[in-house]
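Right, one structure below, let's go through it.
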Amino acid sequence: MATVHGNLQGIKSSHIKQLEKLYDQRLPGDRLLTPEIAEQLATLSQTIHHPISGYVNRRGQIIRVGVGTPLQTQLAETDLPRRSGDRLSGIRCITVQFQPPDPSAFIALMRQRLDALVVLIVADPKGNKHRKDKADASIQQMHLAHIVPDPEQPWTVEAIAPNTLFEEDFDERIHEWERDIQAAGFDLSDAPTGQADRDRVLLVGVMAEGMTEQQFEDSIGELVRLVESAQGEVVGMVQQKRSRPDPQTVVGQGKVEEVTLEAQRSRANLVVFNRDISATQARNLEEQIGLLVVDRTEVILDIFAQRARSQAGKLQVELAQLEYMLPRLRGRGQAMSRLGAGIGTRGPGETKLETERRTIQRRINQLQQEVDQLQAHRARLRHQRENQDMPAIALVGYTNAGKSTLLNTLTQADIYTADQLFATLDPTTRRLTVMDPDTGNRRDLLLTDTVGFIHHLPPALMDAFRATLEEVTEADALLHVVDLSHPAWERHIQSVQEVLDELPSSPDDVLLVFNKVDRTDSETLALAQQTYPNALFISATERLGLETLRQRLVQFIDAHAITSPEIIPSK
Ligand SMILES: Nc1nc2c(ncn2[C@@H]2O[C@H](COP(=O)(O)OP(=O)(O)OP(=O)(O)O)[C@@H](O)[C@H]2O)c(=O)[nH]1
Ligand SMILES: [Mg+2]
């Protein structure tokens, strides 16, 4: 089928027919291009005001025609002929553009292991007021690029004269290039394929106005942890200081090119921004970089999607993902959907993404109802527990602070704990019996472990996880667990406070517990003790300070008269 690829939006059907007709043409196998086909491509490109790329095999058949640059119209890995890593793909690309070739074109050359890339440059009729609609097919420049076995810059490009391009026997030259590549032992298949299990992620850090150097570094450090928690691997980073994001591409044009190049150099298959990006920005960036581009929120949602085990967890994650996606629905091109290995593509899945907005909205409504039911169910459970007259205390804190470890240590529970962000999604409640040291009386209380917080917890997650977060809002008191060994512990306390402030309500009684003192330096410990004289200092893994914690829990219950605890006389 003669399908025209690329972005056909706004292109007249008569022009699409002309593009389709290109498939009927055939080039002599030993020529890179003929003047006739060059002219047809140039005229068509000027008529539709868009770059056009044609792909030709070694027999001279046109196998693909696309509207857009080589990167926007590239063949997916699966559509390329299977060849060993030291061989070219046997396909060349002829592209007509209005600008000289930029790095994205060479990246397309590399990714597809093209025999050669011919770039024809014509005047953009849009930019020429006097001859608005009249195509001026005169080709202003011709460039020829091909792969060379140089790891630093694995391509070369040169201006080429028409008679060389149209008349020279290129069969031999291509074989020569291939022999050079083989002789150098250069592996072309080293390029990212997007089929790997782990995403190879290039981070883009935008340092916004008002951000200190330290805050910026912390945010990048956290983003690396988030990517790793989502099973991705950070392979590089590009950063930019920018007071106002570019509405089209977040970062400036030069930076986008740097990202494109760096992505190629580090063989990344996914680009992650440290700030939120709009649908338009994502689309523009993807078109220019040629890779899937996601933001921090999508990475967090992806971790949640991977971690959700229970029915309730899955339900809430799906709701959060759909709520996040709905205003951002953007038909990601075929090429994009194949390039992303994992992050940003898991969860509801591509097919659901492509279904209409209305279907998604209906699904959201349905999920909202299910979450309402879940909320009601949890409320009933809590009510039953309240009848037992036991005070309920919720463990809250920044993700990875050690909440689950503490609950496990105190109550011999077996909640999954790990040195990764968002290990816990589902709340777990355990009974804890503590002894009043003065009277020797035993007291029972309920301790609930729940999902961790993070700086700027995405609103979609806060809404979808309302049933889970109610364990916090409905508790009688909170144990705020802080990882004191984390360099950003003070900001973590602040971020947790900010999330708590966003909840409809939260208990006034909060006991601050500094954890991981076994790996905290003495200055930090002294500073925290001085700043928070009423706080507790513990190590959940080393079982340090736990007895004091238990005693403080008893006092805490009494002093705040949280409830009238049942007093069980000791034997
Ligand atoms: N050195 C040290 N490590 C600890 C301590 N407490 C917990 N950890 C480690 O910190 C990591 C995170 O612990 P979790 O209990 O999963 O943390 P969490 O707060 O439940 O995290 P999320 O569920 O992701 O929000 C694990 O690798 C624990 O072994 C401690 O007192 N000392
Ligand atoms: Mg946990």
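The values are calculated or read from the model by the stated rules, or taken from the named source; none is laboratory data. Remember, predicted model here, so these are calculated numbers, not experimental data. Cβ sites come from the backbone with ideal geometry, for glycine too, and all protein chains shown count toward neighbours.
In summary, Gln231 fulfils each of the numbered conditions (1) in a loop (DSSP other than H, G, I, E, B); (2) free of Cβ contacts under 8 Å to residues at least 60 places away in the same chain with the single exception of condition (2). Reported count of residues in region 449-477, each being touching a Ser or Thr at 6+ places or on another chain (Cβ under 7 Å) and closer than 22 Å to Asn534 by Cβ, is 4.
Taking region 380-403 only, how many residues are away from ligand 1 (no atom under 16 Å from the Cβ) and either modelled with pLDDT of 95 or more or outside any loop (DSSP other than H, G, I, E, B) (or both)? Give the steps one after another, and end with the answer.
Here is the first cut: in region 380-403, the residues away from ligand 1 (no atom under 16 Å from the Cβ) are 380-392.
Now drop any that are not either modelled with pLDDT of 95 or more or outside any loop (DSSP other than H, G, I, E, B) (or both), which leaves 380-387, 392.
Result for region 380-403: 9.
Scanning region 440-447 for any residue that is surrounded by 21 or more Cβ atoms within 10 Å (Cβ to Cβ) and within 16 Å of ligand 2 (Cβ to nearest atom) turns up at least one such residue. Per the conditions (1) more than 18 Å from Gln74 (Cα to Cα); (2) in contact with a Leu (Cβ under 6 Å, 6 or more places away or on another chain), the sole criterion not satisfied by Leu270 is (1). For the criterion of being within 31 Å of the chain's Cα centre (by Cα), at pLDDT 80 or above and either within 16 Å of ligand 2 (Cβ to nearest atom) or under 30 Å from Arg431 (Cβ atoms) (or both), Thr409 fails. Among the residues making up region 461-475, those that are surrounded by fewer than 21 Cβ atoms within 10 Å (Cβ to Cβ) and either more than 16 Å from ligand 1 (Cβ to nearest atom) or at pLDDT 95 or above (or both) are Asp463, Arg466, Thr473, Glu474. The set of residues in region 18-41 that are in contact with a helix residue (DSSP H, G or I) (Cβ under 8 Å, 6 or more places away or on another chain) and among the basic types (Lys, Arg) contains only Arg31. Ala279 falls short on exactly one of the conditions (1) farther than 30 Å from His492 by Cβ; (2) at pLDDT 90 or above; (3) of a type in the set (A, V, I, L, M), and that condition is (2).
Filtering region 425-447 to residues that are under 16 Å from Ala308 (Cβ atoms) and either more than 11 Å from ligand 1 (Cβ to nearest atom) or touching a strand residue (DSSP E or B) at 6+ places or on another chain (Cβ under 6 Å) (or both) leaves Pro427, Thr428. Report, by residue number, each residue of region 489-518 that is within 16 Å of ligand 2 (Cβ to nearest atom) and either within 23 Å of Leu410 (Cβ to Cβ) or not assigned by TED's automatic domain parsing to the domain that holds Thr409 (or both). His492, Val496, Val513, Asn515, Lys516 - these are the residues of region 489-518 that are within 16 Å of ligand 2 (Cβ to nearest atom) and either within 23 Å of Leu410 (Cβ to Cβ) or not assigned by TED's automatic domain parsing to the domain that holds Thr409 (or both). Whether a residue is assigned to a loop (DSSP other than H, G, I, E, B), out of contact with any helix residue (DSSP H, G or I) (no Cβ under 7 Å at 6 or more places or on another chain) and farther than 18 Å from Pro103 by Cα was assessed, and Ser243 passes this test. Only one of the numbered conditions (1) among the small types (Gly, Ala, Ser); (2) more than 22 Å from Ala108 (Cβ to Cβ); (3) surrounded by 22 or more Cβ atoms within 10 Å (Cβ to Cβ) is not met by Ser278, and that is (3). Under the condition of being free of Cβ contacts under 8 Å to residues at least 24 places away in the same chain, surrounded by fewer than 16 Cβ atoms within 10 Å (Cβ to Cβ) and within 21 Å of Ser138 (Cα to Cα), the residues counted in region 14-68 number 1.
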